[in-house]
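So the structure is just underneath, and the comments pick up after that.
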């Protein structure tokens, strides 16, 4: 067969490392990626340890992962993937839809963030955009990030009080835990309600969980 010299002009497919604890999810994404002419899967990881080892070995152009795999310090591990000598572009494909989850991932360096129920075309666009050095977020993700950026941001102390409220602790117990008065706890609680748009403790906790601020 004659050698087609035009093949020399074609860029090599970029490499993708998949990381997800769910085997069927990895299988489906791998089939989608490998069906494309401009990308291919070099390895699959089912745990954080596997991800770190395979990334060091293969040095993929793009890592496509479920951020849940990086618990309990997802932002720290994501930043490590994104920077350093073996830095890779990072595409997050996850079920975590909280505003805070998205915000923290983007701040840590995620190049794309998609939900697992996203259309295949969006995932492919996210992979290609990330590889090209851009940032990609579909409309649903962008809207939640915008809500986080324009919403009230809780201070460190307010977050601590909110976690205590979520645990069902009284103002008195919260005050004793932090060495502050009941009145100060009430002031923190009022500010939390205002920033979250809540009118009760239960409502504040529900909104915080929905936004990804806390997990129950």
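Filtering 144, 89, 148, 73 for residues that are out of contact with any strand residue (DSSP E or B) (no Cβ under 8 Å at 6 or more places or on another chain), buried (at least 18 other Cβ atoms within 10 Å of the Cβ) and more than 29 Å from residue 184 (Cβ to Cβ) leaves a single hit, 144. Each residue in the stretch 1-56 was checked for being modelled with pLDDT under 95 and in a loop (DSSP other than H, G, I, E, B), and 7 pass. Every condition in (1) over 30 Å from residue 14 (Cα atoms); (2) out of contact with any helix residue (DSSP H, G or I) (no Cβ under 8 Å at 6 or more places or on another chain) holds for residue 185 except the one numbered (2). If you go through the stretch 51-67 and keep only what is loosely packed, with under 15 Cβ neighbours inside 10 Å and either free of Cβ contacts under 8 Å to residues at least 12 places away in the same chain or in contact with a helix residue (DSSP H, G or I) (Cβ under 8 Å, 6 or more places away or on another chain) (or both), you end up with just 53. For the stretch 179-191, indicate whether the set of residues that are touching a residue at least 24 places away in the same chain (Cβ under 8 Å), within 14 Å of the chain's Cα centre (by Cα) and surrounded by fewer than 21 Cβ atoms within 10 Å (Cβ to Cβ) is non-empty. Checked against the condition, which is being touching a residue at least 24 places away in the same chain (Cβ under 8 Å), within 14 Å of the chain's Cα centre (by Cα) and surrounded by fewer than 21 Cβ atoms within 10 Å (Cβ to Cβ), the stretch 179-191 yields no hits at all.
The values are calculated or read from the model by the stated rules, or taken from the named source; none is laboratory data. What you see is a predicted model, and the numbers here were worked out from it, not measured in a lab. No Cβ is skipped: glycine too gets one built from the backbone with ideal geometry, and neighbour counts run over all protein chains shown.
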